[in-house]
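Written out below as structure tokens is the structure these notes cover.
The values are calculated or read from the model by the stated rules, or taken from the named source; none is laboratory data. Bear in mind that the values here come from a model prediction, so they are computed numbers and not experimental data. Cβ placement follows ideal geometry from the backbone for every residue including glycine, while neighbour counts extend to all protein chains displayed. The protein model used for the area step is the full one, side chains on, heavy atoms only, and it has no ligands, DNA or RNA in it. Shrake-Rupley method; radii C 1.70, N 1.55, O 1.52, S 1.80 Å.
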Amino acid sequence: MLAFLEAFVGIGLFLSGAVLLSVCSILYLEGITSLQSMVLLAFLGALLSDHCGFYIGRMIGPRFDQSKFAQKHDAKLARTRNTVNRYGVLAIFIGRFLTPIRSIVPLLSGVSGMSRSRYSAYDTSACFLWSLALGGLVIGIDKAFS
């Protein structure tokens, strides 16, 4: 659930990835959850959130630029749009690992008209790598405190 919220359009601008990492680390250190279930749930939450953002972007399309949200977050959107335009599908990977633009890249990918199959393939790979990295960080934190 937290991985979903952390990457969801708009909410992700206010919820830092450090919160997700902290909660995951505490749950793992206290033995409340296994690493495998945490990584799987983070993967599914990230994938679902990114795809929601992508399809919202496809639905609102060009009208997005006139929205209050776009006007309020103009600077972040401009940086993200430049990343998407400059790097194309590589922006999906870049955005997945950079918290400030994580929730906006899927939306702008949808607004840009990227094909569904292309987006899904790259985003699934990016979410998989990101969830493995999250698991690696949790293990690193566990080793540091053991």
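Considered as a group, the residues in segment 112-139 that are exposed (fewer than 13 other Cβ atoms within 10 Å of the Cβ) and out of contact with any helix residue (DSSP H, G or I) (no Cβ under 9 Å at 6 or more places or on another chain) include one that is nearest to A3 (Cα to Cα), and that residue is G136.
Can you tell me which residue among G61, G45 is assigned to a helix (DSSP H, G or I) and within 17 Å of V111 (Cβ to Cβ)? The unique qualifying residue is G61.
Is it the case that G53 is within 16 Å of the chain's Cα centre (by Cα) and closer than 21 Å to C24 by Cβ?
no
Is it true that some residue in segment 2-9 is at pLDDT 90 or above, part of a helix (DSSP H, G or I), over 14 Å from F97 (Cα atoms) and open to solvent by 30 Å² or more (accessible area, probe 1.4 Å)? Scanning segment 2-9 turns up no residue that is at pLDDT 90 or above, part of a helix (DSSP H, G or I), over 14 Å from F97 (Cα atoms) and open to solvent by 30 Å² or more (accessible area, probe 1.4 Å). The residue list A75, A70 contains one member that is without any contact (Cβ under 8 Å) to a residue 12 or more places away in the chain and surrounded by fewer than 15 Cβ atoms within 10 Å (Cβ to Cβ), which is A75. Scanning segment 10-42 for residues that are farther than 19 Å from G140 by Cβ and not in a helix (DSSP H, G or I), we see that the one that is least open to solvent (accessible area, probe 1.4 Å) is G10. Filtering segment 79-111 to residues that are closer than 24 Å to L2 by Cβ, of a type in the set (V, I, T) and outside any loop (DSSP other than H, G, I, E, B) leaves T80, I92, I94, T99, I101, V105.
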